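Novice: There's a structure below that I have some questions on.
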Amino acid sequence: MWYRDELRDVHFQVRKAKEINGGYCKVKEDADPSQRNYKTLRIIPPSSTNNITQPIKKELPKMNDKIPDKELLFIKEFSELVGVNPATLRHYDEKEIFSPVKRGGELNTQYRYYAPSQITAIKMIRVLVGIGVPFEAIKKLSKKRTPEKLLKMLSQCKDNVAHEIRYLQESHAIIETFTDLLCEGICANESEITIAEMQEKPIILGDVADFGNKSGFMQGFLSFCNGSHRQQVNTSFPIGAYFDSFDNFANKTAHPTRFFSIDPRGNDKKPAGLYLIGYTRAYYGKANDLPQRMKNYAKNNDLKFTGPVYNIYLSDEVSEVEQNNYLLQVSAPVTETWYSPSRNLE
């Protein structure tokens with residue numbers, strides 16, 4: 001039997017063989033030590049000295065004599081220059097996607113040397129690896145690269161990156177929208193009714209809600225979700241409820257006229273203007289006594305409801321464990337002849 005260690009360092013192979021075979025091995029080198037391209041090693045355990053098979057031939061990379069040694073960089077120097085740690089460079093070398101131009105050391109295998117001309121290549125490889133191009137594809141291109149093959153790969157990468165950018169931009173918008181609502185909910189004075197100027201907010205209105213024969217809030221919500229693909233509505237954004245009048249909100253809290261997505265790219269708008277705003281904590285489709293409190297406030301302050309009502313959950317199942325603890329914000333447009341925009345009544 002032969003023992004062959006897969007590591008490149010021959011002396012390590014000998015030491016390992018001694019450990020395995022009780023501290024003894026016989027080594028025979030069949031090639032001239034001055035020969036640079038090939039070296040063979042035979043390690044013979046004591047129990048098998050008479051059963052010698054053919055020697056194992058190990059090929060070493062050819063030396064690159066076109067680049068002067070003074071221009072070459074040690075792996076540490078090259079690593080610091082390109083911002084890729086040595087372990088990653090060794091890994092790329094093992095995977096055969098990026099190798100040093102020259103090797104040196106006792107057996108022409110110990111040290112890696114890189115050329116300044118490789119800086120552009122490693123930068124591109126880092127980009128390709130970073131966007132998920134498989135090592136095998138990079139290895140295949142590296143060995144038989146042509147401008148046409150690189151152009152084909154980069155064109156595919158460009159499409160993939162463009163898709164990823166759109167996904168990340170959309171994810172950022174979703175996170176930002178939830179963040180704004182959570183901050184507003186944390187700062188809200190939940191026990192009071194207020195009037196305030198609100199800025200225009202982009203939304204995407206769904207079709208008129210279809211509750212079928214069921215009276216629950218969720219039936220209309222499911223109808224909205226089922227039609228979201230056709231209407232190009234991203235339901236990852238927070239969803240709100242739209243009532244075409246305050247009376248409909250007060251009388252049918254669980255039956256919004258429509259649902260809407262708070263998508264900042266929406267073509268529909270919640271108009272800017274003066275709104276009466278109230279809060280309550282309740283599960284979907286419930287508003288407790290908030291409609292009556294808002295009615296009383298409007299009557300006592302000579303306010304008139306003038307448009308649709310917008311229900312937005314500032315906190316919901318994403319941030320709350322208890323269903324009855326969801327924070328609902330109700331905003332209804334109003335008019336008041338003596339109201340000044342700089343005044344905020346509580």
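Where a number appears in this text, it was derived from the coordinates with a stated rule and is not lab data. Computed from a predicted model, the values in this text were never measured in an experiment. Positions of Cβ are generated from backbone atoms using ideal geometry, with glycine treated the same way; all protein chains shown enter the neighbour counts.
Novice: For the peptides 320-332, 141-153, 226-238, 251-263, what is the packing order when you average, over each peptide's residues, the other Cβ atoms within 10 Å and list the highest mean first? Don't skip to the answer; put the middle values down first.
Specialist: Details: 320-332: 17.5, 141-153: 11.5, 226-238: 14.4, 251-263: 20.5.
Going by the mean number of other Cβ atoms within 10 Å, highest first, we get 251-263, 320-332, 226-238, 141-153.
Novice: To the nearest 20 debye, what is the magnitude of the charge dipole of the stretch 69-145 about its Cα centre, counting +1 on the Cβ of each Lys and Arg and -1 on the Cβ of each Asp and Glu?
Specialist: Here the stretch 69-145 has a charge dipole of around 340 debye.
Novice: Need the C-alpha centroid separation for the stretch 69-104 versus the stretch 111-151, integer Å.
Specialist: Taking the Cα centre of each part, the stretch 69-104 and the stretch 111-151 sit 13 Å apart.
Novice: Still on this model: Amide H of Lys270 versus every other amide H placed in the peptide plane: which residues, excluding those fewer than 5 positions away on the same chain, fall under 5 Å?
Specialist: Lys201, Ile203
Novice: Which residue, chosen from Phe260, Tyr279, Asn296, occupies the Cα position most advanced towards the positive end of the dipole of the stretch 246-346, where the dipole is computed from +1 (Lys, Arg) and -1 (Asp, Glu) charges on Cβ about the Cα centre?
Specialist: Asn296
Novice: Right, another one. Taking K and R as +1 and D and E as -1, what net charge do the other residues with C-beta under 14 Å from the C-beta of Phe237 add up to?
Specialist: -3
Novice: Classify the stretch 176-335 as rounded, prolate or oblate, taking a ≥ b ≥ c as the square roots of the eigenvalues of its Cα gyration tensor: rounded when a/c is under 1.5, otherwise prolate if a/b is larger than b/c and oblate if not.
Specialist: Rounded is the answer for the stretch 176-335, as its axis ratio a/c remains below 1.5.
Novice: Let me ask you something else. For the stretch 246-256, in order, what is each residue's ³J(HN,Hα) by Karplus, 6.51 cos²θ - 1.76 cosθ + 1.60 with θ = phi - 60°, in whole Hz (x at glycine and Pro)?
Specialist: Karplus-based 3J(HN,Hα) across the stretch 246-256 equals 5, 4, 5, 5, 5, 8, 9, 4, 8, 10, x Hz.
Novice: Quick one: how many lysine pairs does the stretch 130-229 have with C-alpha atoms less than 18 Å apart and a gap of 8 or more or different chains? Give me the count, please.
Specialist: Values: Lys139/Lys149; Lys139/Lys152; Lys140/Lys149; Lys140/Lys152; Lys143/Lys152; Lys144/Lys152; Lys149/Lys158.
Step by step, the pairs that qualify in the stretch 130-229 add up to 7.
Novice: If you stretched the chain out fully between Glu77 and Glu336, how much longer would it get, using 0.36 nm times the residue separation minus the C-alpha to C-alpha distance?
Specialist: 85.9 nm
Novice: If you don't mind, there's one more thing I want to ask. Quick query: amide H of Gln329 versus all other amide H atoms, modeled in the peptide plane; which residues come in under 5 Å with a sequence gap of 5 or more or a different chain?
Specialist: Sorted by chain and number, the residues that satisfy this are Ile312, Tyr313, Leu314.
Novice: What does the charge dipole of the stretch 206-300 about its Cα centre add up to, to the nearest 20 debye, if the Cβ of each Lys and Arg holds +1 and the Cβ of each Asp and Glu holds -1?
Specialist: 240
Novice: Something else: Enumerate the calculated ³J(HN,Hα) couplings along the stretch 259-272 in order (Karplus 6.51 cos²θ - 1.76 cosθ + 1.60, θ = phi - 60°), each rounded to whole Hz, writing x wherever the residue is Gly or Pro.
Specialist: Couplings: 10, 9, 9, 8, 9, x, 9, x, 8, 7, 9, 8, x, 6 Hz.
Novice: Quick one: length gained pulling Lys158 to Ile186 fully straight, 0.36 nm per residue minus the C-alpha distance?
Specialist: Here the answer is 5.9 nm.
Novice: What is the Å³ per residue value for the convex hull set by the Cα atoms of the stretch 147-197? Kindly include the intermediate steps, with their values, before the conclusion.
Specialist: On the way: hull volume 4.2 nm³, N = 51.
Convex hull of Cα atoms, per residue: 82 Å³.
Novice: How do Val318, Val133 line up, fewest other C-beta atoms within 10 Å first?
Specialist: Val318, Val133
Novice: Where does each of His91, His172 land when they are ranked from fewest to most other beta-carbon atoms within 10 angstrom?
Specialist: Values: His91 14, His172 10.
Listing His91, His172 from fewest to most nearby Cβ atoms yields His172, His91.
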